[in-house]
Amino acid sequence: MDAALKILAVDDNPSVTHSMRFIFSQPRYEVTGVESGDDALAKLEAHSNLYDVIIIDQKMPHLTGVELVGEIRKRGLAGKIMVLSAHLSAEIRKAYEQLDVHVLIDKPFNIHELRITVDKLAA
């Protein structure tokens, strides 16, 4: 059996990070959830090549999703990035495009489509 797809889910709403563990269930997926950009950076720096996909919310305190992606890019940390947010204005979408974010998905989302997108992103 192939190794589990490792996902880091970053969202300040604990119900979202918790639900990601049900959407992406074991043994096919392994989800780590964190509730802030700072926590995400700490996980990524400790295990720079551990995560295949990083799922990030835009609207979070201290570090927004755009700021977090900027820090990830500046530090050269590994992992493909998907943004999953209800706050994706044209300006924010453009900022993500400039940071080479792979996928932007609006909340609410379709669970089946989310899984397919993550699988394609990790392939």
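The values are calculated or read from the model by the stated rules, or taken from the named source; none is laboratory data. Please read all numbers here as calculations on a predicted model, not as lab measurements. Cβ placement follows ideal geometry from the backbone for every residue including glycine, while neighbour counts extend to all protein chains displayed. All accessible areas refer to the heavy atoms of the entire protein, side chains included, with ligands and DNA or RNA removed. Shrake-Rupley method; radii C 1.70, N 1.55, O 1.52, S 1.80 Å.
In the stretch 21-39, which residues are of a type in the set (A, V, I, L, M, F, W, C), touching a strand residue (DSSP E or B) at 6+ places or on another chain (Cβ under 6 Å) and under 17 Å from Lys120 (Cβ atoms)?
Phe24
Pick from Thr64, Thr32, Thr17: which is within 19 Å of Leu114 (Cβ to Cβ), without any contact (Cβ under 8 Å) to a residue 40 or more places away in the chain and out of contact with any Phe, Trp or Tyr (no Cβ under 9 Å at 6 or more places or on another chain)?
Matching residue, one of Thr64, Thr32, Thr17: Thr17.
What are the residue pairs meeting all of these: first residue in the stretch 67-84, first residue among the acidic types (Asp, Glu), second residue open to solvent by less than 60 Å² (accessible area, probe 1.4 Å), Cβ atoms under 8 Å, and 6 or more apart or on different chains?
Correct list of pairs: Glu67/Gly37; Glu71/Gly37; Glu71/Leu41; Glu71/Leu63.
For the stretch 76-93, check the following and say yes or no: at least one residue is touching a strand residue (DSSP E or B) at 6+ places or on another chain (Cβ under 7 Å) and over 22 Å from Glu113 (Cα atoms).
No - not one qualifying residue is present in the stretch 76-93.
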